[in-house]
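Readers should treat all values here as calculations from the given coordinates under stated rules, not as data from a laboratory. Predicted, not measured: the structure shown is a model, and the values here were computed from it. Cβ placement follows ideal geometry from the backbone for every residue including glycine, while neighbour counts extend to all protein chains displayed.
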């Protein structure tokens, strides 16, 4: 029964399985579903005119990369988007990715409502997550 559930999980998540009887399938399943800290976050620029939504397993490091413009060619560097204004924590990556896609699909008005419910002054929350 467990084998069937694992194979169903892989199939429903479009994960290809090369050898179904291989122990690597089970190890991959448990690694994929292991409980960790995953975050979705929303960044803005200093004028609060641009919104960027992302996902990371290490939010502190990822926001630092945005702030230091590690990749000068990326969207956040180009538009000076480096102020953390919203985040949520998840135990599983699938849940975080699902929520990220959901937020990305929201109208700007709904994103602003979400941010205001969490951080009404749109303060940079980076220092609070670094403590």
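With contacts defined as alpha carbon pairs under 8 Å and 6 or more residues apart, what's the relative contact order of the range 38-129 in percent?
Dividing the mean separation by the residue count of the range 38-129 yields 34 percent.
Can you give me the distance in nm between label points at residue 60 and residue 89, each placed 7 Å from the Cα along the Cα-to-Cβ direction?
1.2
Going by the alpha-carbon gyration tensor, a ≥ b ≥ c the square roots of its eigenvalues, is the range 38-129 rounded (a/c under 1.5) or, if a/c is not under 1.5, prolate (a/b greater than b/c) versus oblate?
Verdict is rounded for the range 38-129.
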